[in-house]
Amino acid sequence: MILESQVKVDVLSALFAGTFGEFWDCQDDGCDCIYQRIGMWTNPYLAETLEVRMCCIWADLYKQYPQFVRVTPAYKDGNKREWVTEPTEWSGESDMPKSLWYRQLSRQQNRSVEDIRVEYAEKDELRPRGKPKREPMPLFVRVEGEWVAINLR
Ligand SMILES: [Zn+2]
C-alpha cells in the first residue's frame, strides 16, 4: 500500500523521533480477535516494513464465508487423545500474557474481550503467575576454605 504523502511524512518523523512505537505482535492485545495473528515482512533493499493484522482481515472474511468456518467449543489434547471442554489452568513458567488472560476470561464468562479488558485492566494482581519448573541452580562460594552452596531466590 502506498501511503498518502502527508501520512508518510508523519510516519517517518515518528520513526526518526523514536515515537513510532512497537511492532505489532500476536500478544499485544491490539484488537479483540481471539487468535491474534500478525504478518510481518521487512526488507533492507526496499527500506520498507509491512505489518498486517491477519486476524482482523480473516475476521471479516469469516463473515463473508461462514460456510467455510467451523468452531468447536473444545480443545483436542493430542497427548491424551481426548477433548477438553474447560479452559486449562495456566501452567507456564512465566506469567500468563495479559492478552491470553483476557481471552480466557472472555471464554469462561461468555463475555466480549473488550468488556473483560475494561474490567480487568486494573486487576492485574488476579492474573495467573508463572510457576518455575526447575529448582534454581545453587551458587557455590568458598568461605574460609570451604565450598558452600547458596540458593538464590
Ligand atoms: Zn485482530
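Structure data summary
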| read-out | value |
| --- | --- |
| Some residue of the stretch 59-74 being touching a strand residue (DSSP E or B) at 6+ places or on another chain (Cβ under 8 Å), within 16 Å of the ligand (Cβ to nearest atom) and not assigned by TED's automatic domain parsing to the domain that holds residue 116 | no |
| Any chance residue 41 is surrounded by 10 or more Cβ atoms within 10 Å (Cβ to Cβ), assigned to a strand (DSSP E or B) and of a type in the set (Phe, Trp, Tyr) | yes |
| Selection within the stretch 60-71 - modelled with pLDDT of 95 or more and either touching an Asp or Glu at 6+ places or on another chain (Cβ under 9 Å) or assigned to a loop (DSSP other than H, G, I, E, B) (or both) | 65, 69, 70 |
| Residue check, residue 123 touching a strand residue (DSSP E or B) at 6+ places or on another chain (Cβ under 9 Å), closer than 24 Å to residue 36 by Cβ and exposed (fewer than 12 other Cβ atoms within 10 Å of the Cβ) | no |
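The values are calculated or read from the model by the stated rules, or taken from the named source; none is laboratory data. Everything numeric here is computed off the predicted structure, so don't read it as measured data. Ideal geometry is used to build each Cβ from the backbone, glycine not excepted, and the neighbour counts take in all protein chains shown.
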